[in-house]
Amino acid sequence: MRLVNRSSCSSDIKKKIMNFKYIFILAITVLFYTSCKKDLGNYSYSPPSVPVVEGVKDVNFPALTGDTLVIKPKVSLDGADPLKDLNFEWRIFVLEELKEIVYTGYPLKMLYGLGPGERAGTLVVTDKRNGLIYKFKFKVTGTTQFSTGSVVLSNDGGVTKLSFVKPDHTVLPNIYQNLNNLSLGGNPVQLYYSKPLPYQLLSKEEYWVLCNDEVKGSTIVDANTLLHKDNFKSQFFLPPASVSPGYIEPVMGTISNGVINNKLYIGIASTAPFAPDYGKFANEQNGDYQLSSFFTHGSSFYFGFDKKAKAFVIFGGDGSYLGTTYLVKETSIFNPKSIGLQNLIFMKAGESGTSYAYFKEADGNTYELKFSYKLTGKDKEIIPEHKRVFKGSSSVNADSKWVRNNLNVFYFSSNDKIWRYNPVNESLTELEASFGGKKVTMLKISADGNTLSAGVNGFVYTLDVTVGKNGNITKTISGIPGEPIDLVIR
């Protein structure tokens, strides 16, 4: 009888099975390797071509209201036909209606009637082969024939007139009355331009023809059509019985502040920027004061001259009246809380640094006050620096026009002449421009301080006052009805 070792037999069987597994795995590996080796280089991945759109992204397209707007960017699509394989959708956002106007097709061709102003647009390109979407941002700026040029406010023998000067210097005299068959109020004092920011209502782009006329008052005019919009009283939530404008200046877009009825008014910014009431005036800033038109709005304060107290007064950043609650350490030069001078004829103080004020008094002299202040901190202070008779005192008239550049260089008119004055060294120079003996009734200075605009009866002149120049005339506009009072250049 033969004995069989079962454990030895079982071990042999396991070894054979393991060897078979190894052979099987090796065969599979070789098979996959050879198949991959055989396919290597025999295939390639081709992503779908991407549409290339040139001449639309971040471009601002001008559009004349009532004219045809065509936007035709260059479009290419490698390996395909862009006109057949792409869809084009043009979206233009109309802020005042809070909606998008949508046009389809290529190119965009439309009769532009969305009104003046800048509008955001998006070109949406859809690839019909795969459904992929591509977006390109652009802008459209609607214009009218009055969107570029100058508007001149003038006084023609007691009649207020508004004229438009085209870029080629062609004058459309008395255009407001000719378009509206309406007359403006008398005694014009300022032409204010209310220009909305991109997120504000474009329909609020306006001119305010500010007049001291108790009967007709002041007028709001559409800046792009020069058509009558409303009486200036509509700019108030609760208008006062009478409105006597002093001077208004912009704060931010359609928000303004200024002196009206000898009180400080500040436009409301608490409503939505695109709301119709945004920027309107609420109540005057309460206080026992009579504020001069020459005021300064700083980063966190207001500064001005109180005609009643004959003193410099301050307001908080929110317009709250603080009066003379500031520190004065030295009053021997002059006392800002009781200046002792009556008739302020010009002051344009800055955010900081040295400032000047000019008073023409009953003794026939014009006095120059030099001062600085610290009004942005908790401890507010005004620092007198000098008081002296102005070097050009004999040339100053009661109705002289004044401007100041950012370097504290002053220009003022004296009948038919214009003088430049630097208070640092008391340099007083007559500009070379000649106006044929006509009295200067308007002075405006450019933001960079390089040009002056001077108005005399029938004319507006541009003067070069850059460094090294002495006010030579570089441009003449004739045909202005009457005496220019103010000017807005767009």
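The values are calculated or read from the model by the stated rules, or taken from the named source; none is laboratory data. For clarity, every value in this text was computed on a predicted model and none was experimentally measured. Methodologically, a virtual Cβ is constructed for each residue, glycine included, from the backbone with ideal geometry; neighbour enumeration extends over all protein chains shown.
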Phe305 vs. criteria in contact with a Leu (Cβ under 9 Å, 6 or more places away or on another chain), assigned to a loop (DSSP other than H, G, I, E, B) and within 20 Å of Arg388 (Cβ to Cβ):
no
Scan of the range 161-184 for residues that are touching a residue at least 24 places away in the same chain (Cβ under 8 Å), surrounded by 15 or more Cβ atoms within 10 Å (Cβ to Cβ) and farther than 14 Å from Tyr207 by Cα, ordered by number
Val165, Val171, Pro173, Asn174, Leu179, Asn180
Over the range 252-278, the set of residues under 30 Å from Lys378 (Cβ atoms), assigned to a loop (DSSP other than H, G, I, E, B) and not β-branched (Val, Ile, Thr) is Asn262, Ala269, Ser270
Inside the range 375-391, can you point out the residues that are assigned to a strand (DSSP E or B), in contact (Cβ under 8 Å) with a residue 40 or more places away in the chain and surrounded by fewer than 14 Cβ atoms within 10 Å (Cβ to Cβ)?
His386
Given (1) more than 25 Å from the chain's Cα centre (by Cα); (2) outside any strand (DSSP E or B), index of the condition Leu407 fails:
(1)
Residues of the range 166-204 classified as over 21 Å from the mean Cα position of the chain (by Cα) and in a strand (DSSP E or B), total
4
Residue pairs within 7 Å by beta carbon, gap of at least six or interchain, first lying in the range 135-150 and farther than 30 Å from Val50 by Cα, second part of a strand (DSSP E or B) and among the aromatic types (Phe, Trp, Tyr), listed first then second, are Phe146/Phe164; Gly149/Phe164
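Residue-wise test of (1) modelled with pLDDT of 95 or more; (2) assigned to a strand (DSSP E or B); (3) not polar (S, T, N, Q).
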residue: Ser332; (1), (2), (3): yes, no, no
residue: Tyr356; (1), (2), (3): yes, yes, yes
residue: Phe359; (1), (2), (3): yes, yes, yes
residue: Asp363; (1), (2), (3): yes, no, yes
residue: Glu368; (1), (2), (3): yes, yes, yes
Just the residues that are among the aliphatic types (A, V, I, L, M) and either part of a loop (DSSP other than H, G, I, E, B) or not assigned by TED's automatic domain parsing to the domain that holds Gly471 (or both), please, taken from the range 435-456.
Val440, Ala447
Starting from the range 284-296, take each residue that is in the same structural domain as Gln342 (by TED's automatic domain parsing) and list its partners that are basic (Lys, Arg) and assigned to a strand (DSSP E or B), counting only C-beta distances under 6 angstrom and pairs at least six apart or across chains.
Glu284/Lys263
Would you be able to tell me the number of residues in the range 454-477 that are touching a Pro at 6+ places or on another chain (Cβ under 9 Å) and either more than 18 Å from Trp419 (Cβ to Cβ) or not hydrophobic (A, V, I, L, M, F, W, C) (or both)?
5
Could you please let me know if Leu86 is under 22 Å from Thr225 (Cα atoms) and either β-branched (Val, Ile, Thr) or buried (at least 16 other Cβ atoms within 10 Å of the Cβ) (or both)?
no
Is it the case, given these coordinates, that Gly279 is touching a residue at least 60 places away in the same chain (Cβ under 8 Å) and on the phi > 0 side of the Ramachandran plot?
yes
